[in-house]
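What follows is calculated from the coordinates using simple rules that are stated; it is not laboratory data. Just so you know, these numbers come straight off a predicted model, no measurement behind them. Quick reminder, even Gly has a Cβ in these numbers, built from the backbone with ideal geometry, and neighbours come from all protein chains shown.
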Ligand SMILES: Nc1ncnc2c1ncn2[C@@H]1O[C@H](COP(=O)(O)OP(=O)(O)OP(=O)(O)O)[C@@H](O)[C@H]1O
Ligand SMILES: [Mg+2]
């Protein structure tokens, strides 16, 4: 069955050039019209356990968990043995060619949204289900994958920072994980933010599950540091801490620990997707972040 057939079954006529960018996950995301309304259709074929899990998490988050935050509006959907389909209202992307940089109020609204999500009492009926303990990007091995690490961390300064991270790896992991478990989005970056009347909404819930809220923040700040010239990191952390009633220094330390681990051991796997300017920005961030063991 083609995406057009699937869409048609849900009353959607696809646009002439329907394919949306992204789909690193293997889902097909297309645009169309349903009852005169612009929609986005996301189709995930259950061709592996991984894909089925991704689809189940997203479908539950969008339709079943009743998360107490504004969500993209779901108009139709189905789960069959073969695939999961979600038809959503087409919201406006947060960043566009005309507005490629988030305003400070938009940053603040996104941080507020994350703080509300993370403050939600665990919304899962069976939190023990391994479905909700998804590790999207696993860490590379510092020995076996050393050539990949060295390809990204190629300057004397970034090399010595990498060595510091490897020397303190266990302590960083303990610090990054030193908090209660929370329900998190798991893939929070500006490409997964759309807006409704100017307010941010998160799409792409395929990595959602149990984690630490500060990990969403760390991932958001790291992706943003690769893509943007200016990231209001201190404000973001202060806003988040205030919303959660947490000590900003503690949030800073946990976010920094996670960012160092993500940069050192996850980013090298994606080096071929990174623009040279993004590599430069990541180098700057990596050497700036300071782990203060406690
Ligand atoms: N409801 C929506 N309204 C507007 N745009 C949307 C909507 N849902 C998704 N998009 C756009 O489509 C893109 C791809 O969707 P999504 O991130 O859910 O798919 P994905 O296959 O998991 O992508 P990736 O793996 O690249 O993150 C999003 O980054 C977003 O720009
Ligand atoms: Mg996405």
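Computed from Cα atoms, the angle from the helix 233-244 axis to the main principal axis of the chain rounds to 70 degrees. Kindly identify the range 3-90 as rounded, prolate or oblate by the Cα gyration tensor criterion: order the square roots of the eigenvalues as a ≥ b ≥ c, call it rounded if a/c is under 1.5, otherwise compare a/b with b/c, prolate if a/b is larger, else oblate. Oblate shape, in that a/c is at least 1.5 and b/c is the bigger or equal ratio.
Report relative contact order for the range 1-63 in percent, whole number only (criteria: Cα-Cα under 8 Å, sequence separation at least 6).
Relative contact order for the range 1-63 comes out at 23 percent.
Against the main long axis of the alpha-carbon atoms of the chain, helix 213-227 sits at an angle near 90°. May I ask you to derive the relative contact order of the chain, considering only C-alpha pairs under 8 Å and at least 6 residues apart, and to give it as an integer percent? Over the chain, the number comes to 19 percent. Sort out for me the Cα centre separation of the range 79-135 from the range 1-57, rounded to whole Å. Using only Cα atoms to place each centre, the spacing works out to 17 Å. A simple packing score, the average count of other Cβ atoms within 10 Å per residue, orders the peptides 123-134, 38-49 as 38-49, 123-134, with the highest score first. Extension gain, residue 35-residue 170: 0.36 nm per intervening residue step, less the Cα-Cα distance, totals 43.2 nm.
To the nearest 10 degrees, how steeply does helix 276-288 sit against the main Cα axis of the chain, on a 0 to 90 scale? Roughly 50 degrees, rounded to the nearest 10. Annotation: peptides 110-121, 4-15, 253-264, ranked by per-residue average of other Cβ atoms within 10 Å with the highest first, follow the order 253-264, 110-121, 4-15.
The range 232-276 and the range 190-220 have Cα centres spaced 14 Å apart. Measuring nothing but how far apart in sequence close Cα pairs (under 8 Å, 6+ apart) lie, relative to its length, the range 219-287 scores a relative contact order of 48 percent.
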